[in-house]
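These notes are about the structure you will find just below.
The values are calculated or read from the model by the stated rules, or taken from the named source; none is laboratory data. In this text, all values refer to a predicted model and were calculated from it rather than measured experimentally. Please note: Cβ atoms are built from the backbone with ideal geometry, for glycine as well, and neighbour counts cover all protein chains shown. The accessibility values were calculated without ligands, DNA or RNA, using every heavy atom of the protein model including side chains. Shrake-Rupley method; radii C 1.70, N 1.55, O 1.52, S 1.80 Å.
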Amino acid sequence: MQLFELQKLVHERLIEYLDLRRMDISQLADEELWEKTENAICDIVERTDGEGKIPSFVDQDLLIKDVLNEALGLGPLEDLLADDSVDEIMVNRASQIYVERGGKIEQSEKGFSSDKAVLRVIERIVTPLGRRIDESSPLVDARLKDGSRVNAIIPPLALRGPTITIRKFRRDLLGADDLVKGGTFNQGMIEFLEMCITARKNVVISGGTGSGKTTTLNIISNFIADTERVLTIEDAAELQLKHEHWVQLESRPANIEGKGAVHIRDLVRNSLRMRPDRIVVGECRGGEALDMLQAMNTGHDGSLTTAHSNGPRNTLARLETMVLMAGMDLPVRAIREQIASAIDIIVHQTRFSDGSRRVTHITEVAGMEGDVITLQDIFTFKQEGFDSEGKVAGRFVPSGFVPRFYEDLQRRGLPVNMSIFRE
């Protein structure tokens, strides 16, 4: 008998056992419920073993723990969430779970006993948050108690069974030095980004899914002076700032009746009435890009956001598209002028085939030439093949171009390190 089938058998017997005992589960405290359920599972495993249905190679303590987690907790996700080496968890179907460790994806040995068990876990996650998942509303975004971000999608949309994707929340906050050691940037690039924040430049961090945009946004946001009032606006709260004067806002989906949704765009508009020194938007995906650009152009300098794209030039095209999603019938040139005057710096990040994440471009938005926004690379990552371990080899190269605002800072007598622009 396979482990999944054995788990399923014990789980089914547990349901029968609890029905026979007619325990009033609603009246039991959490600890008491876990204790009584664990005792019941121990009895069932002992009886099943007596029937010769448990092979000798099966660790019975582990079987009891797995069934208990599935009955009352988050099933096999419990151990994966507790494993600090796991960054992301992907449940494709009941018997297939993948995890991401150090940028590499691998299949986990763990699994659920059935699709029903996966559904029960999804319901346990979303119900306390006042959200629901069923055939009429088959996809949901939620957050675990520890801050991990959850997306769940069920049949009829997911054809092979309920699917869960969890982006784990990092308990240990990474600092700029950690990313320099990890090869995401070099020291000169960190110095430059810190100066961008000090000089109140508007920065967009772009990149693909899982490229590390939020981590970089978090690190750059912590360069903001403690004396400033910072407003962060996110779909799922992930940013961890060290500031005392920090207001954290999170969007809200519609309720069961389809009402009460509060979108990122609503929060960006409202934030302008909250006297912010800095506005940090976790991610621009739609019409909120227009409100963000207008905020950047009307005195809210030093704002930060992220966007999905595959390069600095593509980031501008994405911003154009997002502004059009706001429903404003603006000519393309007017949109480009808004973007060129609002955005100062684009930091583009890439996840490479070996799982490493690197900032491949730090680019200045230099203005308009005719109908085209001009860009000037300040730092780039130059890939030079692979090393003996199959890891991406390369180096960060300054272009030699000094951004205009650095020259202004130098003229004003402020201490700036010009050597970072020389190789």
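Can Val121 be described as open to solvent by less than 20 Å² (accessible area, probe 1.4 Å) and within 30 Å of Ser356 (Cα to Cα)? Don't jump to the end; show me each part of the working.
On the way: open to solvent by less than 20 Å² (accessible area, probe 1.4 Å): yes; within 30 Å of Ser356 (Cα to Cα): no.
For Val121, the condition - open to solvent by less than 20 Å² (accessible area, probe 1.4 Å) and within 30 Å of Ser356 (Cα to Cα) - is not met.
Residue-by-condition table, conditions (1) out of contact with any Asp or Glu (no Cβ under 8 Å at 6 or more places or on another chain); (2) under 20 Å from Val180 (Cα atoms):
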{"position": "Ile373", "(1), (2)": "yes, no"}
{"position": "Gln376", "(1), (2)": "no, no"}
{"position": "Phe386", "(1), (2)": "no, yes"}
{"position": "Lys391", "(1), (2)": "no, yes"}
{"position": "Asn417", "(1), (2)": "no, yes"}
Taking Thr315, is it in contact (Cβ under 8 Å) with a residue 24 or more places away in the chain, among the hydroxyl-bearing types (Ser, Thr, Tyr) and either touching a strand residue (DSSP E or B) at 6+ places or on another chain (Cβ under 8 Å) or over 20 Å from Lys213 (Cα atoms) (or both)?
-> yes
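In this structure, does Ala342 turn out to be more than 24 Å from the chain's Cα centre (by Cα), among the hydrophobic types (A, V, I, L, M, F, W, C) and within 21 Å of Thr198 (Cα to Cα)? Reasoning before the result, please.
Numbers: more than 24 Å from the chain's Cα centre (by Cα): yes; among the hydrophobic types (A, V, I, L, M, F, W, C): yes; within 21 Å of Thr198 (Cα to Cα): yes.
Answer is yes for this residue.
Please determine, by comparing only the residues of region 144-178 that are aliphatic (A, V, I, L, M) and not in a loop (DSSP other than H, G, I, E, B), which one is surrounded by the fewest Cβ atoms within 10 Å (Cβ to Cβ). Write out each step before concluding.
If we filter region 144-178 for residues that are aliphatic (A, V, I, L, M), which is where we start, we get 144, 150, 152-154, 157-159, 164, 166, 173-174, 176.
Adding the requirement that they be not in a loop (DSSP other than H, G, I, E, B) leaves 150, 152-153, 164, 166, 176.
Working: Val150: 20, Ala152: 25, Ile153: 15, Ile164: 23, Ile166: 25, Ala176: 20.
Of everything passing the filter in region 144-178, Ile153 is surrounded by the fewest Cβ atoms within 10 Å (Cβ to Cβ).
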Pick from region 110-127, criterion out of contact with any Lys or Arg (no Cβ under 9 Å at 6 or more places or on another chain) and assigned to a helix (DSSP H, G or I), ranking: nearest to Thr165 (Cα to Cα) | Ile122
Of the residues in region 184-208, those that are open to solvent by 20 Å² or more (accessible area, probe 1.4 Å), farther than 30 Å from Val126 by Cα and either of a type in the set (Val, Ile, Thr) or in contact with a strand residue (DSSP E or B) (Cβ under 7 Å, 6 or more places away or on another chain) (or both) come to Asn186, Thr198, Lys201
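Yes or no: region 197-207 includes at least one residue that is farther than 19 Å from Glu364 by Cα and not β-branched (Val, Ile, Thr). Before the answer, list the steps.
Initially, region 197-207 is screened for residues farther than 19 Å from Glu364 by Cα, giving none.
Among the residues of region 197-207, not one is farther than 19 Å from Glu364 by Cα and not β-branched (Val, Ile, Thr), which makes the answer no.
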Show the residue pairs that are 6+ apart or on different chains and have beta-carbon atoms under 7 Å apart, the first residue being within region 171-184 and of a type in the set (A, V, I, L, M), the second being at pLDDT 90 or above and open to solvent by less than 20 Å² (accessible area, probe 1.4 Å).
-> Leu174/Ile219; Ala176/Ile190; Ala176/Ile219; Leu179/Phe185; Leu179/Ile219; Val180/Ile190
Residue hits (region 262-298; open to solvent by less than 60 Å² (accessible area, probe 1.4 Å) and in a loop (DSSP other than H, G, I, E, B)) are Met274, Pro276, Asp277, Gly282, Glu283, Cys284, Gly286, Gly287
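I'd like to know if region 205-216 contains one or more residues that are among the β-branched types (Val, Ile, Thr), modelled with pLDDT of 95 or more, within 30 Å of Gly394 (Cβ to Cβ) and in contact with a Ser or Thr (Cβ under 8 Å, 6 or more places away or on another chain).
Of the residues in region 205-216, the ones among the β-branched types (Val, Ile, Thr) are 205, 209, 214-216.
Remaining after also requiring modelled with pLDDT of 95 or more: 205.
Subset that is within 30 Å of Gly394 (Cβ to Cβ): 205.
Keeping just the survivors that are in contact with a Ser or Thr (Cβ under 8 Å, 6 or more places away or on another chain) gives 205.
Scanning region 205-216 turns up at least one residue that is among the β-branched types (Val, Ile, Thr), modelled with pLDDT of 95 or more, within 30 Å of Gly394 (Cβ to Cβ) and in contact with a Ser or Thr (Cβ under 8 Å, 6 or more places away or on another chain).
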Among the residues of region 234-253, the number that are open to solvent by 40 Å² or more (accessible area, probe 1.4 Å) and touching a strand residue (DSSP E or B) at 6+ places or on another chain (Cβ under 8 Å) is 7
Tabulated pairs, region 188-201, first within 13 Å of Phe396 (Cα to Cα), second not hydrophobic (A, V, I, L, M, F, W, C), C-beta under 7 angstrom, 6+ apart or interchain | Gly188/Pro398
Looking only at region 84-109, which residues are within 23 Å of Leu6 (Cβ to Cβ), open to solvent by less than 30 Å² (accessible area, probe 1.4 Å) and not in a strand (DSSP E or B)?
-> Ala94, Ser108
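Just a yes or no: is a residue in region 317-336 hydroxyl-bearing (Ser, Thr, Tyr), modelled with pLDDT of 95 or more and not in a loop (DSSP other than H, G, I, E, B)? Break it down into steps so the answer makes sense when it comes.
Of region 317-336, the ones hydroxyl-bearing (Ser, Thr, Tyr) are 321.
Remaining after also requiring modelled with pLDDT of 95 or more: none.
Looking for residues that are hydroxyl-bearing (Ser, Thr, Tyr), modelled with pLDDT of 95 or more and not in a loop (DSSP other than H, G, I, E, B), one finds none in region 317-336, hence no.
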